Structure formats: structure tokens, C-alpha cells
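The values are calculated or read from the model by the stated rules, or taken from the named source; none is laboratory data. Bear in mind the structure is a predicted one, so any value in this text is a computation, not a measurement. Using ideal geometry, Cβ is built from the backbone for each residue, glycine included, and neighbour counts are taken over all protein chains shown. Surface accessibility is based on the protein's heavy atoms, side chains included, excluding ligands, DNA and RNA. Shrake-Rupley method; radii C 1.70, N 1.55, O 1.52, S 1.80 Å.
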Amino acid sequence: MEEVTEGLNNVNISSDSYRKNRIQVSNTKKPLFFYVNLAKRYMQQHNEVELSALGMAIATVVTVAEILKNNGFAVEKKIMTSTIEMNGESRGRPVQKAKIEIVLGKTENFDVLMAAAQEERELGYAEEQS
């Protein structure tokens, strides 16, 4: 039993491979505003969010970041680009893929904007009920 405990204590989980505030964006799986709203939620919980994408999904990440910035919810903290090697789908040989990571932080008036949006939703719901 001590060996198992000792083994668990020596396990090192890389902070790069798993972060609680990272969103890995796909350009086909979810609608754009799913990612916008998810990013807002992550910023509420963690004060910042990291948007990450490969290849064709890069345009989606940039659009999400710009929507959040232009609406006053976020500020850019860091943008990182790189190229990674992945196994190709058909032939199994390595393929180069572009990668982007954008770290966004909350603006000073983030909480005020979120409260106003929540109030708007509640008013809209109340009007539907009457």
C-alpha cells in the first residue's frame, strides 16, 4: 500500500496539458456563441481564460476573443502561436498544424456588464410570463 501512495505522490501532472480555465475550440462542434458564453463563465470563475485552437479553428478563436474584447468583457493578456506535428488522418504520416493560444483577462467593468446582462435576461423572462 505504501508503494501505491509513494507512486501517486511522484506523479507530476503537467500544467500545460490540463488547465481548468482552458477552452479548446473546434470550428465544427459548437456554435460561436457557445464559446463566447463559456469564456465569460470561465472568466467569472478564474478571472482569465485561455482559448486554444488548431488549424481551421483558429479563425473561430480569434472571433470569440474579438467579440469579448469589443463588448468590453475582456482584455488580451497573451497571444502565442506555434506549429505542432500531428499524425495525418489518411496516411498516418506527420502533418504540421498551426496552433494559437489567446489568454484573456477580465476588464474592470466585467462584473457590472455581467450583472446588466443577467438583469436583461430576467426582465425578458418576466415579460414573457405576463
Residue that is nearest to Glu66 (Cα to Cα) [pool: residues in region 78-124 that are in contact with a strand residue (DSSP E or B) (Cβ under 8 Å, 6 or more places away or on another chain), open to solvent by less than 90 Å² (accessible area, probe 1.4 Å) and in a loop (DSSP other than H, G, I, E, B)]: Thr107
Of all residues making up region 30-60, the number that are more than 12 Å from Gly105 (Cβ to Cβ), in a helix (DSSP H, G or I) and hydrophobic (A, V, I, L, M, F, W, C): 9
Among (1) at pLDDT 95 or above; (2) under 22 Å from Asn27 (Cβ atoms); (3) in contact with a helix residue (DSSP H, G or I) (Cβ under 8 Å, 6 or more places away or on another chain) - the single one Lys97 does not satisfy: (1)
